[in-house]
Amino acid sequence: MKQIKNIVFDFGGVVIGLDREQAVKAFERIGVREADSLLGKYHQQGIFQEVENGNIDAETFRCELSKICGKELTYQDVENGVERICYGRAAI
């Protein structure tokens, strides 16, 4: 019998509800002017894709967003934007 090695869940809009528009607004409020294009409807772009893929860690994400905004962002600034992406409860 072959054993299952990995299971992949597509949380975005399937298991967890997403509110892209609220996330875009939250990131725009902290200075990410191109948040609308970076947070695509189906695929993330740039730094958002890098963090989603696991290519960069949270500190690098915060530093890169700070460069995009032209000001130093705190973890709380970034967390507020990320929290706006997810809402509601898991569907299962």
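The values are calculated or read from the model by the stated rules, or taken from the named source; none is laboratory data. This one's a predicted model, so the numbers in the text were calculated from it and none came from an experiment. So basically every Cβ, Gly included, is an ideal-geometry build from the backbone, and we count neighbours across all protein chains shown. The protein model used for the area step is the full one, side chains on, heavy atoms only, and it has no ligands, DNA or RNA in it. Shrake-Rupley method; radii C 1.70, N 1.55, O 1.52, S 1.80 Å.
To the nearest 0.05, how large is the calculated FRET efficiency for Asn80 and Asn6 if R₀ is 35 Å and r is the Cβ-Cβ distance?
On the way: r = 32 Å, r/R0 = 0.91.
It comes to 0.65.
State the percentage of accessible surface on the stretch 18-92 attributable to carbon and sulfur atoms; use a 1.4 Å probe and exclude ligands, DNA and RNA. Walk me through the numbers before you get to the answer.
Values: 2480 of 4960 Å².
Ligands and nucleic acids excluded, carbon and sulfur reach 50 percent.
Hey, can you rank 42-54, 24-36 by average C-beta count inside 10 Å, highest first? Walk me through the intermediate numbers first.
Values: 42-54: 13.7, 24-36: 17.6.
Going by the mean number of other Cβ atoms within 10 Å, highest first, we get 24-36, 42-54.
Length gain on complete extension for the stretch Ala58 to Glu34, per 0.36 nm per residue less the alpha carbon to alpha carbon distance? Mind showing how you got there, number by number?
On the way: separation 24, 0.36 × 24 = 8.64 nm, distance 1.96 nm.
Gain on extension, Ala58 to Glu34, equals 6.7 nm.
Mind giving me the FRET efficiency for Gln49 and Glu72? R0 is 22 Å, r the Cβ-Cβ distance, nearest 0.05 is fine. Working shown, then result.
Numbers: r = 23 Å, r/R0 = 1.04.
The formula returns an efficiency of 0.45 here.
If a/c stays under 1.5 just call it rounded; otherwise compare a/b with b/c (prolate if a/b is bigger, oblate if not). Do that for the stretch 24-78, with a ≥ b ≥ c from the square roots of the Cα gyration tensor eigenvalues. Each step should come with its number before you reach the end.
On the way: a/c = 1.94, a/b = 1.11, b/c = 1.76.
The shape class here is oblate.
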